Amino acid sequence: MNYLKKLVSPAAIALLAISSFPSFASSISGGAMTINFDSTALAAAFDHETDPNRPAFYLEEYFDRSAYENLSNAEILSTHFIAGTDEISGLGRELTVNGSVVTGRNKATDFSFDTTDIEGTASGAIGLGGAFRYRIDVPFSINEEGDETGNRTIIGDFTLEYDAARAIKGHSGWTLFNHVSWRADVFDLDNVIVDQTGDALMLSGDLAIGEGFDHLGGSVGAIVGDFSLQTSVVPVPAAVWLFASGLAGLFVSGRNNKKVVV
């Protein structure tokens, strides 16, 4: 009788785990986030007017993942792929989805979710490679190389994360975080549409200035563009997790019973 109890106990635990575990745990792989900045809205979201011939805030340089990961912060501040300090187009700028293992300064992707309830079960972060350099219409100085200094800022080394607590602030709960020098919520994603069809996952919506730009005079909540993220879903059958956890449960149960006998 005691022998049967020993067998039933771990089996019952395993059955309870099966009944409560999600149908599938999933992650993502590949793809990119495409950002379209509205230059007029971006300038209007910042209150600077040192030079009336310049926008208050504008995109001066874009770095894709390969360029970004091979440059230091100092080089990102000074490198010009496009000569001069004029505004460049903010349309179609891609941030590449990083893998679970990365090299250099990129953030890894450890995002997971249940396909039946993405936002209700989302955890971890989606790492995104790339960076942006902006010019701010504030007083500046000229260095020995003839470059303007004191009026630039960079954001990059991004993670996209979901936090339901942020949704109560009028946003969707999805936020784009900068990790250059420090972690900052640079863009809240508003009016987000989440679409999963087969193994394809797509998020789209608007970009709103986050609190991470507050110290630069940004109008928090102002819509300055839109985005779309396209990636592939990689399902992990719950049975895999149950098999591992079941073995662990049996092992622990066996050890505990052994201790009682001894």
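Readers should treat all values here as calculations from the given coordinates under stated rules, not as data from a laboratory. Keep in mind it's a predicted model, so treat the numbers as computed, not measured. Cβ atoms come from the backbone with ideal geometry, glycine included; neighbour counts cover every protein chain shown.
For region 25-237, give the magnitude of the charge dipole about the Cα centre (Cβ charges: +1 Lys/Arg, -1 Asp/Glu; no others), in debye to the nearest 20.
On the way: 11 positive and 33 negative charges, 79 e Å.
About 380 debye.
Within region 159-232, which trypsin sites (Lys or Arg not before Pro) sit in a loop by DSSP and count at most 15 neighbouring Cβ atoms inside 10 Å? Numbers along the way, then the final one.
On the way: sites: 166, 169, 183; in loops: 169, 183.
Of the trypsin sites (Lys or Arg not before Pro), the ones in loops of region 159-232 whose Cβ has at most 15 other Cβ atoms within 10 Å are 169, 183.
When a/c reaches 1.5 or more, the comparison of a/b and b/c decides; with that in mind, is region 173-218 rounded, prolate or oblate per its Cα gyration tensor?
Working: a/c = 4.78, a/b = 2.12, b/c = 2.26.
Taking the square roots of the gyration eigenvalues as a ≥ b ≥ c, region 173-218 is oblate.
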Given backbone amide H placed at 1.01 Å from N, residues whose amide H is under 5 Å from that of residue 90, ignoring those fewer than 5 places away on the same chain, are 37
So, relative contact order of region 25-237 in percent, Cα under 8 Å, 6 or more apart, is 25
Along region 146-156, Karplus-curve 3J(HN,Hα) (6.51, -1.76, 1.60; θ = phi - 60°) to the nearest Hz, with x for Gly and Pro, reads x, 8, 6, 10, x, 10, 10, 8, 10, 10, x
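At a 10 Å Cβ-Cβ cut-off, how would you order 123, 78, 26, fewest neighbours first? Walk me through the intermediate numbers first.
On the way: 123 12, 78 16, 26 21.
Fewest to most other Cβ atoms nearby, the residues stand as 123, 78, 26.
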Projected onto the charge dipole of region 25-237 (+1 at Lys/Arg Cβ, -1 at Asp/Glu Cβ, origin at the Cα centre), which of 42, 58, 125 gives the Cα projection farthest towards the positive end? 125
Efficiency of FRET between residue 216 and residue 116 - r from beta-carbon atoms, R0 45 angstrom, step 0.05: 0.65
